[in-house]
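Take a look at the structure set out below.
The values are calculated or read from the model by the stated rules, or taken from the named source; none is laboratory data. A quick note: this is a predicted structure, and the numbers were derived from the prediction, not measured. All Cβ positions, even for glycine, are placed from backbone atoms using ideal geometry, and neighbour counts span all protein chains on display. Note: accessible area is taken over every heavy atom of the protein model, side chains too, but ligands, DNA and RNA are not part of it. Shrake-Rupley method; radii C 1.70, N 1.55, O 1.52, S 1.80 Å.
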Amino acid sequence: MAPKLATLLIFLAVFYLARTTNSTTIKPSSSFIKSSCATATYPALCERSLSPFAKTIQTSPAQLARTALAVSLKQSQSTQAYLNKLKQVKGLKPRERSAVGDCLEEVSDSLDRVSKSIKELKNCDRVKGQEFIWHMSNVQTWVSSALTDENTCMDGFGGKVMEGRIKSSVRAHITSVAHVTSNALALVNNFAQKH
């Protein structure tokens with residue numbers, strides 16, 4: 001009976017230590033991400049997309065904003081690659097091909113703006129006062145413009161003639177990138193306000 005009790009006590013001690021260690025190393029950054037994402041347009045998506053980067057983000061609003069922009073950039077790159085492939089598909093109607101091409105152009109513009117925003121946000125680390133405000137204003141303007149580009153993408157798919165698989169597929173990709181970009185903008189704005 002005593003060896004079983006000793007084994008049980010050792011197991012419980014190891015379990016307790018492991019649980020305590022995990023909660024102290026992960027919890028602050030996870031709860032920081034969760035509370036920060038609560039103000040985002042799509043909080044569940046925000047938390048889900050940023051949680052894998054909790055160790056990098058820790059409790060830094062600047063790192064949170066940078067990471068959110070990086071997630072947006074990656075999603076934009078994925079959507080751009082998808083649209084490039086879709087444009088080459090045989091059997092697209094001329095109007096669909098044109099709409100995909102226009103959408104690809106908008107996504108490319110959006111990608112460029114998010115990329116510039118990431119670089120500009122790095123400049124914010126080295127400046128204060130009016131200079132910080134100027135750099136941050138650039139970031140906010142470019143991310144907002146990127147979001148507009150993403151939303152404009154679907155304009156070419158207007159009308160009942162364009163209903164179908166192509167439009168639905170493009171909409172799903174564009175919606176995904178627009179949601180993470182919207183969240184990134186909210187987190188950038190929060191960082192700007194707290195600085």
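List the residue ranges in the chain for DSSP H helices whose C-alpha atoms run 24 angstrom or more along the long axis and whose Kyte-Doolittle average is -1.0 or above.
Qualifying helices: 2-37, 61-87, 94-124, 129-152, 165-194.
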State, to one decimal in nm, how far the label point of residue 88 lies from the label point of residue 116, with both points 7 Å from Cα in the Cβ direction. 2.9
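Counting only protein heavy atoms, what percent of the accessible surface of the chain is carbon or sulfur at a 1.4 Å probe?
Of all accessible area on the chain, carbon and sulfur atoms account for 58 percent.
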Correct option for Cα extents along the principal axes in Å [calculated from the coordinates] among [x] 45, 38, 34; [y] 80, 51, 23; [z] 78, 28, 26: [y]
Cα→Cβ-extended label distance, 7 Å offset, between residue 81 and residue 58, nm: 3.1
Most fluctuating residue of 80, 88, 63 in a GNM of the chain with Cα springs under 10 Å: which is it? 88
Assuming R0 = 25 Å, can you tell me the calculated FRET efficiency for the pair residue 108 and residue 34, based on Cβ-Cβ distance, to the nearest 0.05? 0.15
Could you name the lysines in cross-link range of residue 194, using Cα to Cα under 24 Å and dropping any fewer than eight places away on the same chain? 27, 34, 55, 116, 119, 122, 128
What cysteines in the chain have no other cysteine with a beta carbon less than 4.7 Å from their beta carbon? 124
